[in-house]
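Structure first, commentary second.
The values are calculated or read from the model by the stated rules, or taken from the named source; none is laboratory data. The structure displayed is predicted, hence computed values, not measured ones. A quick note on method: Cβ atoms are made from the backbone with ideal geometry, for glycine too, and the neighbour counts reach across all protein chains shown. Heavy atoms of the whole protein, side chains included, go into the accessibility calculation; ligands, DNA and RNA do not. Shrake-Rupley method; radii C 1.70, N 1.55, O 1.52, S 1.80 Å.
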Amino acid sequence: MARRKIALIGAGQIGGTLALLSAQKELGDVVLFDVVEGVGAGKALDIAQSAVTQGFDVALKGTSEYKDIEGADVVIVTAGVPRKPGMSRDDLLEINLKVMEQVGAGIAKYAGNAFVICITNPLDAMVWALQKFSGLPTGKVIGMAGVLDSSRFCHFIAEELGVSIEDVSAFVLGGHGDTMVPLARYSTVAGIPLTDIVKMGWLSKDRLDEIVQRTRDGGAEIVGLLKTGSAFYAPAASAIAMAESYLKDKKRVLPAAVHLDGEYGVKGTYVGVPVVIGAGGAEKVVEIALNASERKAFDKSVAAVDGLIAACRKIAPKL
Ligand code: TXD
């Protein structure tokens, strides 16, 4: 079977890391696209020159022309601008919406059968707009945020309890913003729900609440430390996990921003929920039972996403 083809639209901090991780896992040949001449080609060449020491056989190419993404199996979109200290993800909406229109046209023309993973912020609105601009089926266009937010939650829990990260599983629902919903009840350490870990006295409720808030602030914490950009290693690793589940038909159950068509009582909005990702794309939305406080928090997050989508519609009435 010919090698798969992975197109990365945006060859910046995350895009370059996506290219390296994808090559290391030999997921397929890589095309690094960027509007800035040379960025994609430079990073492609640099990673290719690490192949002999890392032992991967994939072709890497940089480009500024959409024709070079022709026939891509997976397209991962990071094109746009990241935030600077003091900026919210929502502040990026207007500038990145224009980018999504260009990217959507390029995907529609050259990669209509691809599985598209959007990363650009504000994520839930950008993936919604990208699906509309590209015209691809809603099940083939999803957003990466929940895997990242859950990974942050897992890291903080493992660090706090002094346990292996391999035995921690976390769940974060809702939009990729301040209203995200880390779900302690469905997050576990070796299968033990965090709510029971608190009852056992292994973790205090106050510390759990602090960890939940630190998860919500996870992006801003790194922006504040880096000053010149936002997180990119964990975001890239998160998107690669989603791409790998599609390419290898792994049927992983991962939190991702997907189009809801009535599930969770939501219709027509993209928001983070658990989804089965396999060769068909977002194959099944997993509808978990939410208690009253979880439902309230989830609905608040959906409302925040709907507000961003309304802002997109104001800027681009054709959406
Ligand atoms: O969890 C998540 N979804 C978030 C997403 C996690 C972290 C970062 N998040 C967002 O991803 C961030 O707020 C940005 O909107 C994107 C990309 O972040 P990155 O750190 O990779 O930004 P860079 O390094 O600035 O890279 C963006 C690249 C850069 O090289 C630009 O030249 C290019 O995008 N760019 C474009 N490429 C193609 N087409 C257009 N129009 C374009 N405009 C800029």
- Of all residues in region 224-241, which are more than 9 Å from the ligand (Cβ to nearest atom) and either surrounded by fewer than 24 Cβ atoms within 10 Å (Cβ to Cβ) or on the phi > 0 side of the Ramachandran plot (or both)? Gly224, Leu225, Leu226, Lys227, Thr228, Tyr233, Ala237, Ala241
- Task: Show the residue pairs that are 6+ apart or on different chains and have beta-carbon atoms under 6 Å apart, the first residue being within region 139-150 and in a strand (DSSP E or B), the second being of a type outside the set (Val, Ile, Thr) and within 7 Å of the ligand (Cβ to nearest atom).
- Result: Gly143/Leu123
- What number of residues in region 271-303 are closer than 27 Å to Ile240 by Cβ, in contact (Cβ under 8 Å) with a residue 60 or more places away in the chain and open to solvent by 40 Å² or more (accessible area, probe 1.4 Å)? 2
- Restrict the check to region 99-114 and report whether at least one residue is within 9 Å of the ligand (Cβ to nearest atom), in contact (Cβ under 8 Å) with a residue 12 or more places away in the chain and not in a helix (DSSP H, G or I). no
- For residues that are of a type outside the set (A, V, I, L, M), closer than 22 Å to Gly146 by Cβ and in contact (Cβ under 8 Å) with a residue 24 or more places away in the chain, scanning just region 186-208, find the one that is surrounded by the fewest Cβ atoms within 10 Å (Cβ to Cβ). Tyr186
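Quick grid of which residues meet (1) under 19 Å from Ile14 (Cα atoms); (2) crowded, with 18+ Cβ neighbours inside 10 Å:
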| residue | (1), (2) |
| --- | --- |
| Ala105 | no, no |
| Gly112 | no, no |
| Phe115 | yes, yes |
| Asn121 | yes, yes |
| Lys140 | no, yes |
| His155 | no, yes |
| Phe171 | no, yes |
| His176 | yes, yes |
